[in-house]
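**Q** The following block contains the structure, expressed as structure tokens.
Coordinate-derived values only; no laboratory data. Since we're looking at a predicted model, the values are computed, not measured. A quick note on method: Cβ atoms are made from the backbone with ideal geometry, for glycine too, and the neighbour counts reach across all protein chains shown.
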Amino acid sequence: MHISKKIVVLGHFGVGKTSLIRRFVENSFSDNYKVSIGVHIVKKEVELSEEDTVSLILWDLEGTDDISRIRDSYLLGTHGLIYVFDVSRPSTFQTINDDLKKLEKRVKGVPVKVVGNKTDLILLDELKTVLDGKEISYDYLTSAKTGEKVNDLFEQLAKMLALDAEKI
Amino acid sequence: MTENDKIQILKDILFAEDSDYIEKIAHRLENLESTLNDRQKFSTKVDPIILHQLEEFKTSIPSTLGPTITAALKTEIKKNKDEVVEAMFPILGKMIKKYIAHEIKLLSEKINKQLSFKDRMKSWFGNSTKKQEIIDELAASHIEQVLLIEKDSGLLKASYSVTQTIDEEMISGMLTAIKSFVEDAFGQKNQNLELIDYELYHIHLQSFNRFYIAVILSGNYTTKAKDKLQDLIFDFFEKFTKKDDYHVLDSDSINKQLAQNFGHAHL
Ligand SMILES: Nc1nc2c(ncn2[C@@H]2O[C@H](COP(=O)(O)OP(=O)(O)O)[C@@H](O)[C@H]2O)c(=O)[nH]1
Ligand SMILES: [Mg+2]
């Protein structure tokens, strides 16, 4: 069976959304800093088994520090959300719990994965203490630069969405 | 006679003529001063000289400074290839775009000429069908691709295409993003984006409730072609939605329907 799923990737400006997607889709990391415009759509097919594949249609949203400014229409019909923050810049996760609450209201029942990116820049133990202190929970800690946990993130999301699709 | 008197006499002898001369010089200096102070006067004197120098500079620079500049540029470009390419890209892009736009204009002018030519032919030769066919062919729009897309998610439901081009699932997403961006930007609800012109292609968008259909066309997209295309689209959609379970139909059977409906269509 082949299914396709829309995933919206969002988070503050410069946290590494585009880099994560690029790492997953092309398995390369570019240090070129290119500002992405509006929204960019990228597709990646994930093979779950010999006969089952999932096309992830990834909507890479332009970074905005204000979640409420994201267009409703970009969120419409999405099957999953990936919320990315930059572990080396607290300002990108300061308001995360509020943001997530607001987002969940706008896309009811859609699974959200919270991702702390750029783990190559800091010490993990220190980070975990900081996040615990702020009661921030996350699903993955990634580095688009080293590739750490990037495939896990997308592939496990694909698997989960495929399972959801089977239930229906 | 004192010593001083003697000197005076000596001076008079020596500088007799000079006193005239000094006066003349003073006068000239005065003139010069007024010329210098008067911009107008000054520039009539100096301009020809500057112009002459400039002219000389212009002709001599390629041979004197030219090689040095070129060499400097060359090493600079070699050292910073990426930066140069980066800088050139938008410029080249614009040039190419302009060129293409111009070519398209020429092409459509050509087509328009062919069209009036067609009318003339008709009256001269009666209905010479072969020629008629050729001319019709030239002016026609062709359906390249038909995409049935879920309105909200932008996911591709089914498609028909003459030639497989770029990834259809990605086009569907992009079209949906563009469509919602434009529709949001112009505010009014229930206003749908109908047509996107993209390079040599026209993309006709027809919105329904849960789906929309995007038809990618090449050629001259006329009002007449649009009428025919809309008939085709409505035809298809009626057939498609007749079945109660249409929204869970598998893509393969919808693909077939699309091919049947749009495959042999002439616009
Ligand atoms: N060190 C490091 N830098 C990263 C990582 N991910 C992204 N970057 C850099 O962070 C900057 C912003 O990345 P980008 O993907 O454009 O962020 P976006 O605005 O969220 O799409 C770029 O300079 C990237 O090279 C990472 O995992 N580690
Ligand atoms: Mg980006």
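**Q** Longest segment of chain A with no GluC sites (Glu not before Pro) in a DSSP loop having at most 13 other Cβ atoms within 10 Å?
**A** A:52-134
**Q** So, R0 is 56 Å and r is the distance between the beta-carbons of B:ALA72 and B:GLU3; what FRET efficiency does that work out to, to 0.05?
**A** That pair, B:ALA72 with B:GLU3, gives E of 0.20.
**Q** Right, here's the next one. Against the empirical 2.2 N^0.38 Å scaling, what ratio does the C-alpha Rg of the stretch B:216-267 come to?
**A** The reported ratio for this selection is 1.27.
**Q** To continue, here is another question. Out of the stretch B:158-267, which trypsin sites (Lys or Arg not before Pro) are coil in DSSP terms and have no more than 14 other C-beta atoms within 10 Å?
**A** B:LYS189, B:ARG210, B:LYS243
**Q** Right, something else. With respect to the cross-link table entries A:LYS159/B:LYS157; A:LYS105/A:LYS145; A:LYS145/B:LYS151; A:LYS44/B:LYS179; A:LYS149/B:LYS256; A:LYS145/B:LYS74, which display a Cα-Cα separation exceeding 31 Å?
**A** Values: A:LYS159/B:LYS157 21 Å; A:LYS105/A:LYS145 33 Å; A:LYS145/B:LYS151 35 Å; A:LYS44/B:LYS179 22 Å; A:LYS149/B:LYS256 41 Å; A:LYS145/B:LYS74 34 Å.
Those over the limit are A:LYS105/A:LYS145; A:LYS145/B:LYS151; A:LYS149/B:LYS256; A:LYS145/B:LYS74.
**Q** A further question follows. Roughly how large, in nm² to one decimal, is the mean projection of the convex hull of the alpha-carbon atoms in the stretch A:2-167? Before the final figure, lay out the partial values.
**A** Details: hull surface 38.0 nm².
If you wrap the Cα atoms of the stretch A:2-167 in a convex hull and average its projections, you get 9.5 nm².
**Q** Hey, another quick one. Under the rule of at least 5 residues apart or a separate chain, name every residue whose amide H is placed under 5 Å from the amide H of B:LYS157.
**A** Here B:LEU148, B:ILE149, B:GLU150 satisfy the definition.
**Q** Calculate one ³J(HN,Hα) per residue across the stretch A:128-143 by plugging θ = phi - 60° into the Karplus curve 6.51 cos²θ - 1.76 cosθ + 1.60, and present them in order as whole Hz with x for glycine and proline.
**A** Computed from phi, the couplings for the stretch A:128-143 are 4, 5, 4, 5, 4, x, 8, 6, 9, 9, 9, 9, 9, 10, 10, 9 Hz.
**Q** Where in chain A is the longest stretch that carries no chymotrypsin sites (Phe, Trp or Tyr not before Pro) classed as loop by DSSP and with at most 15 other Cβ atoms within 10 Å? Please report the intermediate quantities before stating the final value.
**A** Values: sites that count: A:PHE13, A:TYR33.
Here the longest run is A:34-168.
**Q** Sequence-distant or interchain residues sharing an amide H contact under 5 Å with A:GLU45, placed H: which?
**A** Result for A:GLU45 returns A:LEU56.
**Q** If amide hydrogens are placed 1.01 Å from N in the peptide plane, which non-local residues have theirs closer than 5 Å to the one on A:VAL114?
**A** A:TYR83, A:ASP139, A:TYR140
**Q** Work out from phi, with θ = phi - 60° and the Karplus expression 6.51 cos²θ - 1.76 cosθ + 1.60, the ³J(HN,Hα) of each residue of the stretch A:109-122, listed in order in whole Hz, and give x for Gly and Pro.
**A** After applying 6.51 cos²θ - 1.76 cosθ + 1.60, I find x, 8, x, 10, 10, 9, 10, x, 10, 6, 5, 5, 8, 9 Hz.
**Q** Another one. So what is the relative contact order of the stretch A:2-167, in percent, for Cα pairs below 8 Å that sit 6 or more residues apart?
**A** Taking the mean separation of contacting Cα pairs over the length of the stretch A:2-167, I get 27 percent.
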